[in-house]
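For reference, the structure is listed below as structure tokens.
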Amino acid sequence: MPGLCLSDTIDGGSSPHGVLCDRIPPPYIHCRRARPRRAPDLPHLAWLQRARGFCQDVQKGICVMLDLPSVVFIVFAAVLVGSALAVVTLRNIVHAALFLVLVFGAAAGIYVLLNAEFIAIVQILVYAGAVTILILFAIMLTQNPNSRGSNPSNRQTLIAALIAVALCAGAVFAFAQNTSITTASQKAISGPPGSVVGIGQLLYSPTSYSYVLPFEIASVVLLVAIVGAIVIGRED
Amino acid sequence: MNIGFEIVHFVVNLLFFILLISTNAVIMVYAERKVMAYMQDRIGPKHYGPFGLLQSTYDVMKLLLKEIVRSRDTDNSVFIVAPMIFFAPVLTAFVMLPFSPFVTQSALATGLILYVALSSLDVIGVFMAGWGSNNKYALIGGLRSTAQMISYELPLLLALMGPVMLTSFVSHGGVGSISFTDITHAQLAPSWRWFVLLQPLGLMIYYICGLAETNRAPFDLPEAESELVAGYLTEYSGMRWAMFFLGEYGNMLIVSAVATVLFLGGWSGPGADLAFWHRTVTANPGGIFSVADIIFNVIALFWFLVKVYILQFIFIWVRSTLPRLRADQLMQFAWLILIPFTLANILITAALLLAVPQPYTLWVTGIVNFVLLAFFIGFISRAIGASPKGELPPWVKMRQQNLARQAAISAVATPRLAKPESEPEMARR
Amino acid sequence: MAFTYTITAGDWGHIAPQLTLLGVALLVMVIDTMLPARLRGGLVIIALLGVLSAAASALLVAQLGGAPSAFFGMITSDGLAIFSMLVILGATALALLIAPGYIERQGIHQQGEYYALVLLAATGMLLMSTASNLMMIFLGLELLSLPLYVLCAFVPGQQIAQESGMKYFLLSSFASGFLLYGMALVYGATGATGLTQIHAFVASHMPLDSSLAPLLLVGVVLIVVGLAFKVSAIPFHAWTPDVYQGAPTPVTALMSVGTKTAALVALARILVVALGPITSQWQPLLIALAILTMLGGNLLAATQTNVKRMLAYSSIAHAGYLLIGIAVGTNLGLAAMIFYLAAYGIMNIGAFGVVQVIERSVGFGTELDRFRGLGARQPWLAGAMTVFLLALAGIPGTVGFVAKYAVFSAAVLASHPELTIVGVIASMISFYYYLRIIWAMYFELNPEGDPATQGARAALGAQGTPPLMVESSGQSAVIAAKSVSMRQPIALGAMLSLGLAVLATIILGILPGPLFELARQAVGLP
């Protein structure tokens, strides 16, 4: 079952990347589990194949057939983008903060799809479990859930939207153009094992490639944040 | 590995977990009422069924049939979603618990940290309930609960570092694991080496934090009925309320189960971990299983549940024994006592594991930890009753007065009638 | 244990300056809790000693040589790193020297935290300027930004200070987001975060094909945006005047020099060193930035009446001159840039040092009016200010002229005369506002000699400020009434700092040879 390839089009062969999925190593990380294109010989899953229905013409390179990781990715991505939009557009900040939890959760889901299980869990632990809680705590203490009064809409929405769309289009274009290079970073990603032990070795063991100095510096950054928060918050 | 087995495995486990949560809640409600009744010299429920055994069943019926009431000005979506948000992490957390060699859903490599992450998600449900209810008691309850859960998460996580370090020490090659299954295995072979024998302080602090995380007495401030009606539960009724209820009892179960896995050797016990049994399991994970496998699985499950229910019994015991803490004492206890102790525990354990030569390492570590535990208990008994103004707890003051009086008596050697002191004020409350 | 821990003492030796500063910062915080309140002024001595020993260890690292990088390519200690470290440490020392008097006047009680945060910010600057890995660059940026957010809002009870800190925090976090996104894209394109690996990858993929170019270039643009914010290049400058005005002036001085140095060196490392093979791709961007910044900064500065704000805009303009050094993409350009940084550090901190003597409460009392007649009241102070302003304008005989000459000649030699032309025009514009201050100091008298009318004027001037400020302005009006036409007292440290800066400005202006030679050696030119 080949992976979903974003640069593919339904018209298949006409696109230069139309046959991307079978010729070169899959360029997208969530395609990494893509197996040869032939339908798996699993009789008990035949109904699923029929239900999908739009992958008959595989020879022309139309490979929009979705495997499970792709479906899950689309779901998570949709939730992520939708709730992120909700965070910035909702006027009720409590609701916005709660949608932020959803954003972090969906991001964690995408990390799981990338085989970064540990990062996903840390994402939930730190962002959904701690950061958002602090935000909610601050909201509860200030007791003004509605930003309608405090944060009136400005007149630059249109310009901001245009710039955002342009930036987004640029990023999408850059990613879509990119075919050969991602393999380089894929090598870098798939090098160390994605397990806890691998991460521990990456952070502390200098035998292969060590991040021990960034790790220590990050702790200093946290120390500064604590001192700064106390200085700002102290009433004397 | 065939896919049919996987599916059967999944369905069996899921049913097992869901049934376990609901059955456990029913059992625990009955047990709580009965045990507390006996501890308080009462009889408890007795009218329905033999020994009142059907009481919980009637309770469930009542909950199911109750009208779901919602006040007019609630923040509707938040209010409705809150119980589900609260319950979902509880159900999810069962994913990584190894109940027995067979009844385990997945040997996640990140089990321990996933547990912490999920327990931190509970707070969101509580907050949503408190906020969505649009009720000042509910809001205060939610606020308290949020602060409490954030504060106690830190010592909880730090207390769990002990077993992790021990696992990496006893396992071959020094490569440890935070998977619950691996930690259980580390306590099995070659002989029982339950980590409670090496980390009693860790278990103690973890259990205290577990009490706080589940909002149980003496940390049940968020729902203190004498001051807050029912805290964040005030506006809830019927099945929505029951969701919170199930979630809380499920949380208790998880806290006890995690303590069992990390400190009490998981499913190990007489008859459960025979040598040949290990060989079959490790050689053929999830494969064809024999009758002997099933028998030993059942024994393993039995021991696991026994340990879990002993710990849950202590939940009830603590509830009927200790009075509720005050809000500032609660925070001070976490930040000024528990966190320093857990940090010291981590440092000392790590230093000992590295410094002490091999055959004595575990002995020394364990003995030092028991000494630390004794120190911890002594420290708490001194500190817990002290008021923020630096006064000594009343019983210490009384003892000092008594000692001083006796010294005076023996010095002067003139028997004088000791005037009864005025009743010392309760430092708690 | 299976892990073999092979980081050697040499690795830690490479970051000895950073470690020294960090240790002294922690020491200052600990000692602060033990000292009685009246002795806390002495903390500045500990902080200064820490900075000096950090500089000494930086020189030691340079002397000992050894491997150019440590921690597996996270940190480098090449000539560029050593030179920029010395510039930052010098700026920190000068900024620390002018701090005690200012702290006393503004009623800042938390001195221990103040000095510790300054030292931690300096640590971040050192880390950023020595980093040779994108990750370290980002961490250094965060480590220098977080203390500065707090320091900007350090003066208690002043709305302008809180505005400064808040504005800097929000906008800087936003810019950090850009930087991080850019780094992620560059990592995605090249598969490495180490600058040497990125260089190797780009060099081996020349010329860029259409599949590599977009991702890499979008990443580079985003990185440039993030760092240009810290450099306060136009159009990412909007925060600068407000933040510089509301921050305590010694912090402003440090921020204007140290942050610029760190960010520019990091930018130079990324663009010139790592992405050297694709110079033609990023060069137009940098040239546009430099031209915009030079012209815009000087034009905006010319409209200011508050000297502190004027200096803020002037620092934007100087960022433009500095960007020329990177935009030309040669090693000579880099040498000119770091020489300019050293010169700019001396003269700019000097100018802010004079401003902090004049300043009444944070952000107020630095209007041009306050400088009228300063030449008659305090000839030495006015003389120092004159030297700094002439140097900033680039009058021959001062270090500012030499620095500008170096940068412009590097542009000409790299066949980018348009940069030189624009730079000279921008310098012409800058003469106007620098000389206006000098004119005011010497050739205009304080319009009212009468204290009462001066106080009334100050109160009237406060009507333009937001209503919440009226109260404190009213207070400062009373202070003004008392202190007008009186000499501003100069603290000993500030005197020392100003004296050193004046000497350095003049001596380096006459004899720039040795320092410029050092700068050339630092970037590896013969």
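See the values below:
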item	result
Yes/no for residue C:135 being more than 24 Å from residue A:214 (Cβ to Cβ), in a helix (DSSP H, G or I) and within 14 Å of another protein chain (Cβ to nearest Cβ)	no
Residue A:167 more than 8 Å from every other protein chain (Cβ to nearest Cβ), within 25 Å of the chain's Cα centre (by Cα) and at pLDDT 65 or above	yes
Residue, nearest to the other protein chains (Cβ to nearest Cβ), within the stretch B:113-142, restricted to residues that are surrounded by fewer than 24 Cβ atoms within 10 Å (Cβ to Cβ), more than 27 Å from residue B:94 (Cα to Cα) and of a type in the set (A, V, I, L, M)	B:139
Residue ID - modelled with the highest pLDDT, chosen from residues in the stretch C:1-32 that are in contact with a Gly (Cβ under 7 Å, 6 or more places away or on another chain) and surrounded by fewer than 16 Cβ atoms within 10 Å (Cβ to Cβ)	C:10
Residue match in the stretch B:53-60 (condition: in contact with a helix residue (DSSP H, G or I) (Cβ under 7 Å, 6 or more places away or on another chain), touching a residue at least 60 places away in the same chain (Cβ under 8 Å) and of a type in the set (S, T, N, Q))	no
Residues that are over 17 Å from residue B:213 (Cα atoms) and in a helix (DSSP H, G or I), drawn from the stretch B:123-139	B:131, B:132, B:136, B:137, B:138, B:139
Checklist (1) within 14 Å of another protein chain (Cβ to nearest Cβ); (2) of a type in the set (Val, Ile, Thr); (3) surrounded by fewer than 18 Cβ atoms within 10 Å (Cβ to Cβ) applied to residue C:75, failing item	(3)
Selection count, the stretch C:133-157, where residues are farther than 20 Å from residue C:26 by Cβ, of a type in the set (Val, Ile, Thr) and at pLDDT 90 or above	1
Residue that is modelled with the lowest pLDDT [pool: residues in the stretch C:106-132 that are in a loop (DSSP other than H, G, I, E, B) and of a type in the set (Gly, Ala, Ser)]	C:107
Those helices (runs of 4 or more DSSP H) lying entirely in the stretch C:193-290 with at least 1 residues closer than 30 Å to residue C:363 by Cα	C:213-231, C:240-246, C:249-254, C:260-268
Single condition residue C:329 does not satisfy, out of (1) touching a Lys or Arg at 6+ places or on another chain (Cβ under 9 Å); (2) closer than 26 Å to residue C:208 by Cα; (3) of a type outside the set (Val, Ile, Thr)	(1)
Enumeration of residues in the stretch C:203-217 that are over 21 Å from residue A:176 (Cβ atoms) and either in contact (Cβ under 8 Å) with a residue 12 or more places away in the chain or buried (at least 21 other Cβ atoms within 10 Å of the Cβ) (or both)	C:203, C:206
Total residues in the stretch A:76-95, condition assigned to a helix (DSSP H, G or I) and in contact (Cβ under 8 Å) with a residue 24 or more places away in the chain	6
Scan of the stretch B:34-57 for residues that are modelled with pLDDT under 85 and either of a type in the set (Ser, Thr, Tyr) or under 30 Å from residue B:135 (Cα atoms) (or both), ordered by number	B:48, B:56, B:57
Any pair with Cβ under 6 angstrom, 6 or more apart, that starts in the stretch B:169-194 at a residue that is at positive phi and ends at one that is modelled with pLDDT under 75	B:173/C:2; B:174/C:1; B:174/C:2
Filter result (within 12 Å of chain A (Cβ to nearest Cβ) and buried (at least 21 other Cβ atoms within 10 Å of the Cβ)) within the stretch C:170-186	C:182, C:185, C:186
Hey, residue B:159 in contact with a helix residue (DSSP H, G or I) (Cβ under 6 Å, 6 or more places away or on another chain), more than 9 Å from every other protein chain (Cβ to nearest Cβ) and closer than 19 Å to residue A:93 by Cα or not	no
Residue count, the stretch B:306-347 (criterion: buried (at least 16 other Cβ atoms within 10 Å of the Cβ) and more than 14 Å from residue B:219 (Cβ to Cβ))	11
Residue count for the stretch C:151-169, restricted to those that are within 13 Å of chain A (Cβ to nearest Cβ) and either surrounded by fewer than 20 Cβ atoms within 10 Å (Cβ to Cβ) or assigned to a helix (DSSP H, G or I) (or both)	11
Qualifying residue in the stretch B:133-155 (condition: of a type in the set (D, E, K, R) and more than 20 Å from the chain's Cα centre (by Cα))	yes
Residue match in the stretch A:136-152 (condition: more than 9 Å from chain B (Cβ to nearest Cβ) and at pLDDT 85 or above)	no
Residue identified as in a helix (DSSP H, G or I), basic (Lys, Arg) and either in contact with a Gly (Cβ under 9 Å, 6 or more places away or on another chain) or farther than 30 Å from residue B:358 by Cβ (or both) among B:144, B:193	B:144
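Rundown of residues vs (1) surrounded by fewer than 18 Cβ atoms within 10 Å (Cβ to Cβ); (2) touching a residue at least 24 places away in the same chain (Cβ under 8 Å); (3) in a helix (DSSP H, G or I), yes/no style:
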{"position": "A:99", "(1), (2), (3)": "no, no, yes"}
{"position": "A:106", "(1), (2), (3)": "no, yes, yes"}
{"position": "A:124", "(1), (2), (3)": "no, no, yes"}
{"position": "A:134", "(1), (2), (3)": "yes, no, yes"}
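The values are calculated or read from the model by the stated rules, or taken from the named source; none is laboratory data. Quick caveat: nothing in here was measured; it's all calculated off a predicted structure. Counting neighbours? That spans all protein chains shown, and the Cβs are built from the backbone with ideal geometry, glycine included.
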